[in-house]
1. Here is a check on your reading of the model: is G119 at positive phi, assigned by TED's automatic domain parsing to the domain that holds S240 and not hydrophobic (A, V, I, L, M, F, W, C)?
2. When you go through E7, E16 one by one, which is the residue that is modelled with pLDDT under 90, more than 17 Å from K157 (Cβ to Cβ) and touching a helix residue (DSSP H, G or I) at 6+ places or on another chain (Cβ under 6 Å)?
3. Quick check on my filter: what residues within the range 25-60 are free of Cβ contacts under 8 Å to residues at least 24 places away in the same chain and among the basic types (K, R)?
4. For the structure I just gave you, tell me whether T172 is polar (S, T, N, Q) and touching an Asp or Glu at 6+ places or on another chain (Cβ under 7 Å).
5. Would you pick out the residues in the range 188-202 that are touching a Phe, Trp or Tyr at 6+ places or on another chain (Cβ under 9 Å) and crowded, with 17+ Cβ neighbours inside 10 Å?
6. Counting residues that are closer than 19 Å to E29 by Cα and not β-branched (V, I, T), which strands (runs of 3 or more DSSP E) fully inside the range 85-152 reach at least 1?
7. Tell me, yes or no, whether the range 69-81 has at least one residue that is polar (S, T, N, Q), part of a helix (DSSP H, G or I) and outside the structural domain of E184 (by TED's automatic domain parsing).
8. Could you check the range 77-103 and list, in sequence order, the residues that are closer than 14 Å to E184 by Cβ and either touching an Asp or Glu at 6+ places or on another chain (Cβ under 9 Å) or not charged (D, E, K, R) (or both)?
Amino acid sequence: MENKQNESIENNENNESSLIIEGRNAVSEALKAGRSFDKLFIQDKLSNEGPLKSIIARARQKGIVVRFESKENMERRSQGHHYQGVIAYVAAYDYVSVEEILARAKEKDEKPLVLILDGIEDPHNLGAIIRTANVSGVHGIIIPKRRACGLTETVVKTSAGAIEYTPIAKVTNISQTIELLKKEGLWIAGADMEGDTMYNVDLKGALGIVIGGEGSGITKLVREKCDFVAKIPMKGDINSLNASVAAGVIMYEALRQRDFK
């Protein structure tokens, strides 16, 4: 009983000060990105499997203490129960400023492409959006502090490591942030079914793309701040897409226009 109580206390303490990363790919990417590890746990009977042996070797090269635990203890630590034999406690992700996102585009000598999420609440959607944003050339993502999902363990796992390389800013007011972006020379495009077909909208310049929340879409105040609205053409029997899919389609249309003229 005492061991279980200590285990529970340890988990609670780490949840307050650390982020739990579960799964082989997510932990591997955190190691590659140089994230600060507090603790790394490996399921003892799986430690000789190739991918886990590689994680152990890289962790030890970095001076990270590796602890081997039973399946029962790993199950108690796990939050998603899809940990694949490895769980890490790492320093919490640091949000960046909007200015840092714009500076990243400048360093690459590229016109800024920023994704603005107006109320995404599902962590699986947020993780998938981060993953697609990274591979489609987005320089950073802006999320609101309230009524939206933050960077949870599920987001980390769903992003498949992309969260390690994608700057994310968390802001108090999306509308005010849009005004700041406009002053920096960005045009703001809202993704909504009441706009012009995205193929007919210019997405090549310095741009912020707004994606609304699941179900509710872009809020009225934020929509009024958009310079134009782009819609995804649909030919089926339903007229909506999952938020992460819609974001991916718009991001790749922006990539097509910018890089494949």
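1. Values: at positive phi: yes; assigned by TED's automatic domain parsing to the domain that holds S240: yes; not hydrophobic (A, V, I, L, M, F, W, C): yes.
It is true that G119 is at positive phi, assigned by TED's automatic domain parsing to the domain that holds S240 and not hydrophobic (A, V, I, L, M, F, W, C).
2. Values: E16 fails: touching a helix residue (DSSP H, G or I) at 6+ places or on another chain (Cβ under 6 Å).
Exactly one of E7, E16 is modelled with pLDDT under 90, more than 17 Å from K157 (Cβ to Cβ) and touching a helix residue (DSSP H, G or I) at 6+ places or on another chain (Cβ under 6 Å), namely E7.
3. Correct list: K53, R60.
4. For T172, the condition - polar (S, T, N, Q) and touching an Asp or Glu at 6+ places or on another chain (Cβ under 7 Å) - is not met.
5. Quick first cut of the range 188-202, residues touching a Phe, Trp or Tyr at 6+ places or on another chain (Cβ under 9 Å) only: 188-190, 195-196, 201-202.
Within the range 188-202, I188, A189, G190, G195, V201 qualify.
6. Fully inside the range 85-152 and qualifying: 86-91, 140-144.
7. At the first step, the residues of the range 69-81 found to be polar (S, T, N, Q) are 70, 73, 78-79.
Cutting the leftovers down to part of a helix (DSSP H, G or I) gives us 73.
Okay, now just the ones that are also outside the structural domain of E184 (by TED's automatic domain parsing), so 73.
Among the residues of the range 69-81, at least one is polar (S, T, N, Q), part of a helix (DSSP H, G or I) and outside the structural domain of E184 (by TED's automatic domain parsing), which makes the answer yes.
8. Result: S97, V98, E99, I101, L102, A103.
The values are calculated or read from the model by the stated rules, or taken from the named source; none is laboratory data. Worth saying up front: this structure is predicted, and the values here are computed from it rather than measured. Neighbour counts run over all protein chains shown; Cβ positions are idealised from the backbone, glycine included.
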